[in-house]
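Each reported figure results from applying straightforward, stated rules to the coordinates on display, with no laboratory input. Just so we're clear, the structure is a prediction, and the values are computed from it rather than from any experiment. In this analysis, Cβ positions are derived from the backbone assuming ideal geometry, glycine residues included, and neighbour counts consider all displayed protein chains.
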Amino acid sequence: MALRMQLDKHTAMLGNPLFEEGYARLFGKNVALTPQSDQFFPCFYEGFLGDQEVAKLFADTDLTRQVQMLRKSLLQFISFYVTSDVTPELIHLAMLHQSRRL
């Protein structure tokens, strides 16, 4: 129940101009990854891992796999944004991050 309530808060993003702008930068006007989005994922981790404490947490992480996981996770969030459907994959992501206090 608490998870559903947390996810319901995200439905407020519908029609959010900042979200729409960021979405357009990554995906263009389609629901698909564009060549420009390919640059986002490595750049994200470059900035994210620029913090030494964060870098220590990811020291033994396969970054190629991590980028793929981020891409898939982002697509789950986009799917939720578009459909408002809470998929089993989205619930899995939420529970995984909640259990690890991320």
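Tabulated values for the structure
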{"item": "Answer residue from the stretch 58-93, given it is acidic (Asp, Glu) and assigned to a loop (DSSP other than H, G, I, E, B) and is nearest to the chain's Cα centre (by Cα) among those", "result": "ASP85"}
{"item": "Qualifying residues in the stretch 61-99 (those that are over 21 Å from GLY47 (Cβ atoms) and charged (D, E, K, R)) - the one surrounded by the fewest Cβ atoms within 10 Å (Cβ to Cβ)", "result": "ASP85"}
